[in-house]
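The structure under discussion appears below in the form of structure tokens.
The values are calculated or read from the model by the stated rules, or taken from the named source; none is laboratory data. Note that the structure is predicted; figures quoted are calculated from it, not measured. A quick note on method: Cβ atoms are made from the backbone with ideal geometry, for glycine too, and the neighbour counts reach across all protein chains shown. Just so you know, the surface numbers come from the protein's heavy atoms only, side chains and all, with ligands and any DNA or RNA stripped out. Shrake-Rupley method; radii C 1.70, N 1.55, O 1.52, S 1.80 Å.
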Amino acid sequence: MRLAVLAVSLAVGMGVAPRFEVVTVLPGTLKISCEMMASAVHNDVSLHVVGWGDEKLLAAAGAGKRNEPQFLKQKILLLVDYLKDWPGDTVVAIVDGSDVLFQAGMPEIRAGYKLVATEQRPIVFSAQRHCVADPLPRETCDLWPVPERSPYRYLCSGVWAGPVGRVLPLLEHSLGVLASDRRQACKKCDPGVFAQAYMFDGWNTSIALDYQTDFAVNVFGAHLDFGCSTGSEKWRTCPTGRVAPIFHLNVLQKKPTSTARPWLSRMPWTAAAPREGAEIRVNGALTPLGDLCPGLWLREAGEQKPKAGAADAGDGGIQRAADGGRRVADGGGGGGGLVHPAPPLPGSRALVGLAVLLCCGVAYYWHRRQRRPVKEA
């Protein structure tokens, strides 16, 4: 541990830029994970997928409800095993595999991280609006510091980063937290375990929170915080005014009726499909994106066309892909393609609002007429 910290300090002192990589853990292909990988390829993000086809991870993920403690434990074990031989000064960003999208490349991601990280606090966690205390008591939500000029107060583990020499000890500490008896019943283990490390186990001296969304933005519920257009293909985080290179959508895009859909349909990779032959590093080996996501729209000779032999995955279960790997179906059909409903027509929201007001006015008028006393003859 001391040698790793010393290596990081020496690299910083000598002005040597450490390597920067992005890692995610995925047991197989989800439609929304294909969107994440397509956005990574579109922006030339150096993405590593870990845990592909891992039987323990697949068992914890399940066909229905996920076993949260077991899934997080196996996820951390896979990360530790994958990162243990990396140089201690390599900065690794760890992102969720099912609800994260990229709108910028490695230079912007590195720059966003450097705006938040310090020599004393080189581990950066994204911040979110809502407190997820589980498995901590709900009362601990009131103990979090209140940032200035930002609604993002609480730690979120959907996107975080740091030097491998500091990340590995935190991951190992989190395994110890998960091993305690009262953590076995947690429903939202991931943020709660790291929140405990930050609030109660002394890791706040090594962790910085990205209050201003320089590195990543987290979206919950109806808060479309990334919906402010910059006039280009990138989207600005409304409360902070920053253009975050990474979105953590907190499963918003899984819902067909999500209000995030119109924004997602305008993201650049939905108009410009990934190039044919694009590759993702899976379990350490470069793998064609088309093999990971059968049916993904790929760009060939300047045109968009569906890849031949697209498989339909409409049963909501875990299926075997053609290459013998695992593919987790999204249950909505489409085999993992980039499918978005069309954005709303211009002015459609105003028309809907006007229609609602008109209906309310008619109902109010009818109600008043019903209550009006009848004059006697």
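Do the conditions hold for Phe220, that is, is it among the aromatic types (Phe, Trp, Tyr), open to solvent by 10 Å² or more (accessible area, probe 1.4 Å) and at pLDDT 85 or above?
On the way: among the aromatic types (Phe, Trp, Tyr): yes; open to solvent by 10 Å² or more (accessible area, probe 1.4 Å): yes; at pLDDT 85 or above: no.
So Phe220 does not fit the description; no.
Among the residues making up the range 29-56, none is of a type in the set (Gly, Ala, Ser) and in a strand (DSSP E or B). Here Tyr82 fulfils each of the conditions (1) open to solvent by less than 10 Å² (accessible area, probe 1.4 Å); (2) in a helix (DSSP H, G or I); (3) in contact with a strand residue (DSSP E or B) (Cβ under 8 Å, 6 or more places away or on another chain) apart from (1). Among the residues of the range 119-136, are any out of contact with any strand residue (DSSP E or B) (no Cβ under 7 Å at 6 or more places or on another chain), outside any loop (DSSP other than H, G, I, E, B) and not polar (S, T, N, Q)? For the range 119-136, residues out of contact with any strand residue (DSSP E or B) (no Cβ under 7 Å at 6 or more places or on another chain), outside any loop (DSSP other than H, G, I, E, B) and not polar (S, T, N, Q): absent.
Table: residues versus (1) in contact with a His (Cβ under 7 Å, 6 or more places away or on another chain); (2) open to solvent by less than 20 Å² (accessible area, probe 1.4 Å).
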position: Ala133; (1), (2): no, yes
position: Arg138; (1), (2): no, no
position: Asp142; (1), (2): no, no
position: Pro145; (1), (2): no, no
position: Tyr154; (1), (2): yes, no
position: Pro163; (1), (2): no, yes
position: Pro169; (1), (2): no, no
position: Glu172; (1), (2): no, no
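Residues that are open to solvent by 20 Å² or more (accessible area, probe 1.4 Å) and more than 24 Å from Ser39 (Cβ to Cβ) within the range 115-129 comprise Thr118, Glu119, Gln120, Arg121, listed in sequence order.
Before we move on, is Gly112 at pLDDT 95 or above, open to solvent by less than 10 Å² (accessible area, probe 1.4 Å), outside any strand (DSSP E or B) and of a type outside the set (A, V, I, L, M, F, W, C)? Please lay out each step first, then the result.
On the way: at pLDDT 95 or above: yes; open to solvent by less than 10 Å² (accessible area, probe 1.4 Å): yes; outside any strand (DSSP E or B): yes; of a type outside the set (A, V, I, L, M, F, W, C): yes.
Considered against the rule, which asks whether it is at pLDDT 95 or above, open to solvent by less than 10 Å² (accessible area, probe 1.4 Å), outside any strand (DSSP E or B) and of a type outside the set (A, V, I, L, M, F, W, C), Gly112 comes out as yes.
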